[in-house]
Amino acid sequence: MEAGEPTGIRDDEHNLAKLLHNALKEADACVGYALEAEATGNEQLAAFFRDVHKTYTSVSGRVEEMLDAGSESRIPTGVRPGVVHAEGDPGDVSPGQDGEIPAEIPPRSAP
């Protein structure tokens, strides 16, 4: 893909997705840190990591809400407007056919 070529994902969606990934990753790490602190008997540090885990979990929930709210105006990946998927065996693709027919052409009736 060339630099500057459109990907279908807006910068703000990409940034939210990165934030979601990082928040979930850090929330998971905090669980491990809290367990380690508990194992060493440092309850104050364990409580701190549990609080930070809650913060990251809250952030990830807010990001998911924002991504869900924006998804109503997006076309799902792999979906082309005006195309109806042909019925039949999805594994049976004859040469030169991609299994899709334009919406304006009605399907053939059985002979």
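Couple of notes before you dig in:
- Yes/no for Tyr33 being closer than 19 Å to Leu16 by Cα and assigned to a helix (DSSP H, G or I): no
- Identity of the residue in the range 34-86, modelled with pLDDT of 60 or more and basic (Lys, Arg), that ends up surrounded by the fewest Cβ atoms within 10 Å (Cβ to Cβ): Lys54
The values are calculated or read from the model by the stated rules, or taken from the named source; none is laboratory data. A quick note: this is a predicted structure, and the numbers were derived from the prediction, not measured. Methodologically, a virtual Cβ is constructed for each residue, glycine included, from the backbone with ideal geometry; neighbour enumeration extends over all protein chains shown.
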